[in-house]
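The structure under discussion appears below in the form of structure tokens.
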Amino acid sequence: MSQRPNDQKNLLIAVALSMAVMLGWQFFYAGPQMKAQHEKAQRERVAQQEAEKAKEGTTAAPATPGATLPNVQPKDTLSAAPSGTRSEVLARSQRVPIETASLQGSISLKGGVIDDLVLLRYRETVDPKSPNVVLFSPLGAPNAYFAEFGWHGAARGQTVVPDSETIWTADAGAKLTPTTPVTLTWDNGQGLKFRRTLAVDENYMLTVNEEVENTTSGDVVLTPYGRLYRFGTPHTSGYAVLHEGLIGVPGDAGLQEISYKSVLEDGGGKTFEGKTGGWLGITDKYWAATLIPDQKATYAGSFRGQRPGPNSPEIFWTDYQIGGVVVPAGGKQMTEGRLFAGAKQVRLIEDYEASLGIMKFELLVDWGWFYFITKPLYYLIDWLYGILGNFGLAILAVTVIVKGLFFPLANKSYESMAKMKKLQPQMEQLRERYKDDKAKQQQELMALYQKEKINPLAGCLPILVQIPVFFALYKVLFVSIDMRHAPFFGWIRDLSAADPTSIFNLFGLLPFAVPEFLHIGVWPIIMGLTMWFQMQLNPPQPDPVQQQIFSFMPLLFTFLLAAFPAGLVIYWAWNNILSIAQQWYISHKQGADVHLVANLKRTFASIGRLFGRRTESKG
């Protein structure tokens, strides 16, 4: 089938415009947004450091009252403004320690809330001496984040139930570990005795059993609930490819994702009635906390947000309420809920889904639109990591496997380009003969392509095929916690972060910091050079303008990919090297390697003349 003369030109224009849009988005939107978020996070850190240095006994500013949250008694109104440092607030209440191989923290006996969790297996930076990641912090501390479970009375104010001011009782020396559950008790003094038993596994799943005993002469109706609060909008990555905010699968409603910004808008919250199964939570890039109701119980759930006032942080929360439970006179009732609070480890989350029957819990990890490629690619990289012991080497091995899968398609493409190389003399003759009639020139060129059975767009096929794999690998590197702080060799200590070096300070030899947009590291430069070299193996474009656009693409991609995860840039550079070897072999097989060498000689000669002219002009 013949190609229309303008097809190739239109394709190149589309590629150029797409690149322009991506750069414009990065420069005018993503860059400023990330800078603003970084500055906000910096201000928060400075404020917290100043608060830590405050003298003991200094009177804290009066707490700004927040909103009375849904279905909570009036006296449970929460204060949004911090009233001390994290350590100060933790010291204000009696606590039951939590100690596992993965978690360290405590449960407050005031309110019986889970509000102190530190992730022992993860640190803030690649520095092994940096602090562990803090997930939960108590109410009154900066960036408060906690979970609570309890009961609501059916008759508002008539049945006294435990609330945020309730002081629970625990056995002396109680400590929550994977082998020692903890039981908290409280008597309302009106015939109802409450018992809360908490258990934790070796990882990040806590189980909360709520039991109430009715010693009165009449039945009592109570409503079990679970609620997760977060105070203040956290620092986010700021990328559209990753969701950070409120998330959940409320039964048959399917996956729900609401950003922090959206939930604060009028009508931004969501409620769900009559749901069975699923979960509700709040997610960061690598960490999450989710409420998991009894998967057989019917419940109502919600995602909500609120701005209490100009001097108070925003409040985000998600909750569920199970239908009313009748506690008969002289009898007991019990309900069970779970809390996941920790790292979003893929295998662990899938194990929880399978062993605990949690509906679609795997969706807590954001695999994106190409999940059918992304997830198998993750499993392949993880399997290769188990063999090779390094995620960087696993990425290189995956590249070889992907190249092998698309080897036949790439071969046909490279064969077509090799044939075009051999036709260069005839093509030049046609351009010279019809230099004043562009339409006739294109017509004759297409006739020549047809005669020799060459597709002039065949060179684009390997790139088009790579795009889904490229984005899938980008997603794996971006969202998988396994890649976080995973080293390669040399200066690459984190494959999920950009190459930290820059050519503009000679890769650290010059003693000054380089702005982020000038961080063009070693691996992006290697990627750009290999991309440029590969393009020299291709036949030149018939249109000089198109050829100029193609000539700038390696430089464009060098700057574009400099901010991408180093693992992705290493993949691209290695893929270029393999493509060069494959293309050179095909060209040699087709007898076009002579033309390749001649083309390279002309290119290097042009570069030499360019630098020679510049040297003469300076002299």
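The values are calculated or read from the model by the stated rules, or taken from the named source; none is laboratory data. What you see is a predicted model, and the numbers here were worked out from it, not measured in a lab. When we count neighbours, we look across all protein chains shown, and the Cβ atoms used for this are built from the backbone with ideal geometry, even at glycine. Note: accessible area is taken over every heavy atom of the protein model, side chains too, but ligands, DNA and RNA are not part of it. Shrake-Rupley method; radii C 1.70, N 1.55, O 1.52, S 1.80 Å.
Couple of notes before you dig in:
- For the stretch 363-414: accessible area per residue (Å², 1.4 Å): 51 Å²
- 10 Å binning of all Cα-Cα separations within the stretch 105-194, expressed as whole percents from 0 upward: 14, 36, 30, 14, 5, 1
- Cross-link pairs exceeding 32 Å in C-alpha to C-alpha distance, out of Lys110/Lys475; Lys110/Lys375; Lys261/Lys375; Lys403/Lys435; Lys193/Lys285; Lys422/Lys475, comprise Lys110/Lys475; Lys110/Lys375; Lys403/Lys435; Lys193/Lys285; Lys422/Lys475.
- Computed Rg/Rh of the stretch 199-357, alpha carbon atoms with Kirkwood Rh: 1.01
- Averaged over its residues, the stretch 169-285 has an accessible area of 39 Å² per residue, based on protein heavy atoms and a 1.4 Å probe.
- The label-point distance for Ile580 and Val241, in a model that sets each label 7 Å from Cα toward Cβ, rounds to 2.5 nm.
- Distance in nm between pseudo-label sites at Leu506 and Asp266 (7 Å out along the Cβ direction from Cα): 6.1 nm
- The stretch 339-382 pair-distance distribution - Cα-Cα, 10 Å bins, rounded %: 26, 55, 19, 0
- The stretch 85-145 - percent of accessible surface contributed by carbon and sulfur, probe 1.4 Å: 49 percent
- On full extension, the segment bounded by Ala101 and Arg123 gains 6.5 nm, given 0.36 nm per residue less the C-alpha separation.
- Placing +1 on each Lys and Arg Cβ and -1 on each Asp and Glu Cβ, with no other charges, gives the stretch 187-259 a dipole about its Cα centre of roughly 240 debye.
- Percent RCO, i.e. relative contact order, over the stretch 146-241, from Cα pairs under 8 Å lying at least 6 residues apart: 31 percent
- For the pair Val160 and Thr215 in one chain, pulling the backbone fully straight at 0.36 nm per residue adds 18.4 nm over the alpha carbon distance.
- Here r is the Cβ-Cβ distance between Ala91 and Arg493 and R0 is 51 Å; the resulting FRET efficiency, rounded to 0.05, is 0.90.
- Protein accessible area in the stretch 271-329, 1.4 Å probe - carbon and sulfur %: 47 percent
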